[in-house]
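Please read the structure below before turning to the comments.
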Amino acid sequence: RARLVESGGGSVQAGGSLRLSCEGSGYTHRMFCMGWFRQAPGKSREGVAAVDLNGGLKYAESVKGRFTISQDNAKRTLTLQMNSLEPEDTAMYYCAASEAYMDADYCHNALFRRHHDLHYWGQGTQVTVSS
């Protein structure tokens, strides 16, 4: 079975940058949808960004223009470049993916609503942004 491991979290001042990485292993073939999610204390989990089976990118409105998601050619490594960080970005960040087939719309829906359709999840990496 696939395993996902996040890295790159840390503490940064507002306006700073961090780069998160998610490395996958144990894939049978490929991931059809990979994304980043975050959850702050007392708040529900929120989809941040995703890459669909076509390489299409989708972002939450709150991070557009500041965050960039990317994927390696083997679709087993996911990166989130976070710039212009704000205190509101403080959260535990999780990498998630689906090895089961899903089209682009399904992947986008998983990002924003059906998180559970992504069956593989990492343990998370903490991002703290101070003002």
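Data for the structure
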| quantity | calculated |
| --- | --- |
| Relative contact order, percent, the stretch 11-69 [alpha-carbon distance under 8 Å, six or more residues apart] | 21 |
| Average accessible area per residue (Å²) across the chain - probe 1.4 Å, nucleic acids and ligands excluded | 51 |
| Vicinal HN-Hα couplings computed from phi for the stretch 118-131 (Karplus, 6.51 cos²θ - 1.76 cosθ + 1.60; Hz; Gly/Pro x) | 8, 8, 10, 9, x, 7, x, 9, 7, 10, 10, 10, 9, 8 |
| Percent carbon-and-sulfur accessible area, the chain, ignoring ligands, DNA and RNA, probe 1.4 Å | 45 |
| DSSP-loop trypsin sites (Lys or Arg not before Pro) across the stretch 1-65, with at most 12 other Cβ within 10 angstrom | ARG1, LYS43, LYS64 |
| Largest to smallest accessible area among TYR94, TYR106 [probe 1.4 Å] | TYR106, TYR94 |
| Segment SER70-SER131, extension gain: residue separation times 0.36 nm, minus the distance between their alpha carbons | 19.2 nm |
| The chain: relative contact order as a whole-number percent, Cα under 8 Å and 6+ apart | 37 |
| Area accessible to solvent at PHE112, 1.4 Å probe radius, in Å² | 100 |
| Table column - 3J(HN,Hα) (Hz), the stretch 57-71, Karplus curve with 6.51, -1.76, 1.60, x for Gly and Pro | 10, 9, 10, 5, 4, 5, 10, 4, x, 10, 10, 9, 9, 8, 9 |
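The values are calculated or read from the model by the stated rules, or taken from the named source; none is laboratory data. Note that the coordinates shown come from a computational prediction; the quantities given were computed from them, not determined experimentally. Positions of Cβ are backbone-derived with ideal geometry, glycine not excepted, and every protein chain shown enters the neighbour counts. Calculation scope for accessible area: heavy atoms of the full protein, side chains included, ligands and nucleic acids excluded. Shrake-Rupley method; radii C 1.70, N 1.55, O 1.52, S 1.80 Å.
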